[in-house]
Amino acid sequence: MATLFLTAPMRRHAGGTERLEVVGPTVREALEQAEKRYPGITADLFEGNDLRAGFTIAINDTIVDHPLASLLEPTSEIYIVPAMGGG
Amino acid sequence: MATKNHISTTINGESKEFLCEPRQTLLEVLRDELDLKGVKEGCGTGDCGSCSVMFDKRLACSCLILAVEAEGRTVETVEGMASGETLHPLQRQFLEHAALQCGICTPGFLIAGKALLEKNPDPDEAEIRLALAGNLCRCTGYDKIVRAVQDAAREMRNS
Amino acid sequence: MKTSEREFKVIGTRPVRHDGIDKVTGRALYGADHSLPGMLHGRVLRSPHAHARILSIDTSRAQAMPGVHAVITGDDLPSVPDRTEALGEGTTNANDLSNNLLAKGKVLYDGHALAAVAATSAHLAEEALDKIEVQYEVLPPVMDVRAAVAEGAPLLHETLRTAGVPESKPSNIAKVIEFARGDLDEGFAAASVIVEREFTTAMVHQGYIEPHNALAKVDADGQITLWCSTQGSFDIRSLCAKVLQIPLSRLKVIPAEIGGGFGGKTTVYLEPLAIRMSQISGRPVHMVMSRNEVLRATGPTSGSVIRLKMGANAHGKIVAADALLDYEAGAFPGSPVLMGAVVIFAPYALENFRIVGRDIVVNRPRTAAYRAPGGTNAAFASETLLDELAEKLAIDPIEIRRRNATCEGVQAPWGPRMQKVGYEELLDAAQSHPHYSAELPPPNGPLVYGRGFAGGGWGNAGLQSSAILSVNNDGTATLVTGSPDIGGSRTSCAMIAAEELGLEAADVRPSVADTDTIGYTDVTGGSRVTMATGLAVFEAAQDVKRQLRERAARMWECPEEGIVFEDGDAIRPNGERLSLAAIAGKAGRTGGPVIGRATVNANRANGPSFAGFLVDVEVDTETGKVGILRGTVFQDAGRAIHPAYVEGQMQGGSVQGIGWGLGEEYIYSNEGKLENASLLDYRIPTALDVPLIEAVIIECPNPAHPLGIRGVGEASIVPPPAAIANAVAAATGKRLPVLPLSPPRVHAALQTGD
């Protein structure tokens, strides 16, 4: 089972749990599972069908090119990360 | 519109004439009438040095000089530093040392460095920093600029 | 992606930059140097009040002046969506941006633009501004975060509610963000020592020497050309198109040479106004800002109040940390508090922490990015407290950092696992550097001496870049990218192309192209150009090499299999070689021009760059003046393509950090007017204020990048204020949790028993 690490706001929907076990095959499906288990938990992540601007997805140690469509391995750790900016 | 003054001056060793209103600064006229755009307006109040020229052989901010004051005087800008294709040692050392990043302050620093070395061919680091204290650079932190001036001084002493 | 262990011929050398001669002879054209025949001059009317309702604006007398060809106010900009969307370098609310460009309804800071005029001369335009009559209802201003969050504080935006807090009532808190992990109570219970402080930092400006500028020309068919000094021509194109509601294809943005940006030139102030007035007048419009306008009305970065509590066990391991970051957003939401929250513990491995950040509007200019935005404020707090923990536990300050250092596999505070990074290597380099063990002068009358260290880091914005690499018939090459060159990056990119093709750097001619001539490229900023545009260049070079192998096969009339391209030659299995020049010379007969192209989204090639600053200070206890005696900056560049430019970034960032630490701050009157809007009184470091700064480049290659490059542009500004404060504490025994450490503050602190 892949692991979805919850952001601090998401944990409030999940009674304080820091991580959820999810299956893929993709990140999108993993997030849908989280939403099914705890309705409202992914509301702030989406704008329509896409990830809201300002967020992206990292799997293990790498920011992925296609956030929602990325395929998961059984050992994948999914992180929702802020998009890095700069000056 | 105010009546324009007719001014005769010497810029980088050449006689030049121009018309200007009394309220125009030397900086404005160099850029807009004489197409010498090496001088830059960074602040308009003489605090940043990016408009530096040598005015009768003295380092000065052209934003603080009225154009009419140039009558009968000499003005030197960065455009006069190279001789044809041959760069001035300061220009060459700035390139070798990578003493510029965005480059907007560079003409001002080159003039300030020239003014220093013409008066003091063997300055120590403290003297260099004092001479350059009127020129602000935000990109380099001054390190490579100081080293470039040191090496240019050495080169000029040895030639 | 594996980083190669190859030996480089060009990468790592220090060729003179391709645009160097233009820059030292005054020939280079910056934004204000461009002109067009018949152009008008634009100037902006700005609010003298920090907070006021606009009751009326009467522009009729200005419109009537001979020589005035356009006058605009907020009503001349179209309505735009009032929501945060992907726009510019990250996200932007277009309605806020538009209101910042020309105020509608309210003015929200001293200097807020209200109207603009285009006339036949700049002097005339300024006279016309005086003829615009504005009626204001002045409101009480809210000038800092403490005042803004207080009960009953005047509201800047009556309908602004706190994002991230369900069912919040209107307030000046635009957003709350949080990162957390583990159990704080358990963590603090395990601490041998706990330290807690409230830190205050002042609003500071990027301080680029070149003011903002724009030259817009609208043709009869509506096509628009815009010249401006910008960090990103596509960024500016997107913002202008959004604010003016025009298609992207109607606007061409040509980046002039740029006189510094540091993040402050990734947004628009004059550009849409110049375009709009050019549309109305039918003539080109040229606009520049004065320094006073730059300081009052562009985008400084947040002042902040940070409350931080950290606990460590006897071994110096951080067992818990609790942070509240309150950042000034300025007049509209959008401070970098999120990035501050990311950076505050970035160099360390922590299990129990809570970081809460609040984005708070105040009657100051709308903040914009400034080199590692949000990071310096945060590190000032965390690196000071780490130092205090070290002191209380009698552990060497670099050693305590090593015991907590992040490394491969650690779960970063903001989420993902870390890849291989160079912080430990950097700490080793700092600790073993002669500066660390050099003797300090003994106290001498009122003068005392101290040494301090601080660490910090910054990631890389990744984002998109394009590159086109053409091989010329004589075997030289032309490289086109879309990354404005602030610090020598066009040469670094040319060096990458040269390395891959076996050429000298001088044989590759780089140019920075406009939005019609190169594919979409995100801003020069976010430490991304050498990494991300360099990645595009690298891939374009691979594309060229593929084509060269094909052409060689055609010239040899043999199959392509087994042909490689190395060291500037195509080599067939039997050892025969064809040089790049030989292949290029025949390109017309083997298939046509050889042009390599690449577009990348470099997010996955990200690799953080850590930095450290070691500083010796002299404190004059009679005057409170802090002098910098010696500074050494350390930074992990992954792979330094052009070491002199890497050093330049490190030294430049360090000196900006020194200014931030010692003298720079926005000083407002009680009425909210900026009192130090000049470079005399907004005190950036001069050559007299700093010594030579040694730059030590660490190279821990970025495993996610084919050349190991880490972006270096920003991280060096993060540690210096904390390092200086730590040095002052070592010299005087006093911790000063306020920036800047200006003489009056230091002096006052040394007087009190506090």
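Cross-link partners for residue C:169 among the lysines, with Cα-Cα distance under 16 Å and sequence neighbours closer than 8 places in the same chain left out, do not exist in this structure. The peptide list B:123-133, C:140-150, B:49-59, C:358-368, put in order of mean Cβ contacts within 10 Å with the highest first, becomes C:358-368, B:49-59, C:140-150, B:123-133.
Taking a point 7 Å out from the Cα of residue A:44 in the direction of its Cβ, the residues of the stretch C:356-371 whose backbone N falls within less than 16 Å of it are C:356-360. Comparing B:119, B:37, B:144 in a Gaussian network model of chain B where C-alpha atoms under 10 Å apart are linked, the largest mean-square fluctuation is found at B:119.
Suppose we flag GluC sites (Glu not before Pro) only when DSSP calls them loop and at most 13 other Cβ atoms lie within 10 Å. Which is the longest uninterrupted stretch of chain C?
Counting at most 13 other Cβ atoms within 10 Å as exposed, the longest clean stretch of chain C is C:168-407.
Neighbouring Cβ atoms from other chains, within 10 Å of the Cβ of residues in C:565-572, number 0 on average. Distance from the Cα centroid of the stretch C:395-445 to that of the stretch A:45-87 is 30 Å (rounded to whole angstrom). Under a model in which nothing but the beta-carbon of Lys, Arg (+1) and Asp, Glu (-1) is charged, chain C shows a dipole of about 1040 debye around its Cα centre. Taking the Cα centre of the stretch C:421-491 as origin and assigning +1 to Lys and Arg Cβ atoms and -1 to Asp and Glu Cβ atoms, the resulting dipole is close to 200 debye. Per-residue mean of foreign Cβ neighbours for A:59-69 is 4 (Cβ atoms of other chains, 10 Å radius). Look at the dipole of chain C built from charges on Cβ: of C:266, C:578, C:497, the Cα furthest out on the positive end belongs to C:578. Return the whole-Å distance between the Cα centroid of the stretch C:599-613 and the Cα centroid of the stretch C:146-203. Distance between centres, Cα-based: 29 Å.
Using just its DSSP H runs of length 4 or more, each adding -39500 (n - 2.57), chain B gives a mean residue ellipticity at 222 nm of -10000 deg cm²/dmol after division by all residues.
Under the criterion of Cα pairs below 8 Å and six or more residues apart, the relative contact order for the stretch C:478-601 equals 26 percent. Full extension of the chain between residue C:120 and residue C:561 yields a length gain of 152.1 nm, computed as 0.36 nm times the residue separation minus the alpha carbon distance. Among C:435, C:642, C:157, a tally of other beta-carbon atoms within 10 Å of each Cβ gives an order, fewest to most, of C:435, C:157, C:642.
Which whole-number percentage describes the relative contact order of chain A, with Cα contacts under 8 Å and a sequence gap of 6 or more?
Reported as a whole number, the value is 36 percent.
One decimal place: the segment residue C:554-residue C:248 gains 106.0 nm when fully extended, by the rule 0.36 nm per residue minus the C-alpha distance. Any chance you could tell me what percent of the C-alpha pair distances in the protein assembly as shown go past 40 Å? Within the protein assembly as shown, distances greater than 40 Å cover 42 percent of Cα pairs. Helical content of chain C, expressed as a calculated mean residue ellipticity at 222 nm, amounts to -8000 deg cm²/dmol (DSSP H runs of 4 or more residues, -39,500 (n - 2.57) each, divided by residue number, nearest 500).
Mean partner shielding of peptide B:101-114, defined as the number of other chain Cβ atoms within 10 Å of each residue Cβ, is 6. Averaging the sequence gap over all C-alpha pairs within less than 8 Å and six or more residues apart, then dividing by the number of residues, gives the stretch C:486-553 a relative contact order of 40 percent. Counted by neighbouring Cβ atoms within 10 Å, the residues C:453, C:538 run from fewest to most as C:538, C:453. Footprinting exposure proxy ranking of C:717, C:518, fewest other C-beta atoms within 10 angstrom first, gives C:518, C:717. Placing unit charges on the Cβ atoms only, positive for Lys and Arg and negative for Asp and Glu, gives the stretch A:8-82 a dipole magnitude near 320 debye about its Cα centre.
The modelled label-to-label distance between residue C:65 and residue A:60, using points 7 Å beyond Cα along the C-beta direction, is 6.6 nm.
Legend: residue pairs B:37/B:57; C:175/C:317; C:217/C:265, Cα-Cα distance threshold 24 Å; pairs beyond threshold, C:175/C:317.
Axis of helix B:143-158 versus longest Cα principal axis of chain B: the two differ by about 90°, to the nearest ten degrees. Full extension of the chain segment joining residue C:165 with residue C:130 gains 8.1 nm, where the gain is 0.36 nm per residue of separation less the Cα-Cα distance. Using only Cα atoms, locate the centre of the stretch B:83-156 and the centre of the stretch C:229-246, then give the distance between them in Å, rounded to an integer. What the calculation gives is 36 Å, centre to centre. Cα to Cα, under 16 Å, and not fewer than 8 places away if on the same chain: which lysines meet these conditions relative to residue C:545? List returned: C:586.
Toward the positive end of the charge dipole of the protein assembly as shown, with +1 on the Cβ of Lys and Arg and -1 on the Cβ of Asp and Glu, the farthest Cα among C:706, C:449, C:162 is that of C:162.
FYI, it's all coordinate maths here, none of it is from the lab. It should be emphasised that the depicted structure is a prediction, and the values quoted were computed from it without experimental measurement. Every residue, glycine as well, gets a Cβ built from its backbone with ideal geometry; the counts of neighbours run over all protein chains shown.
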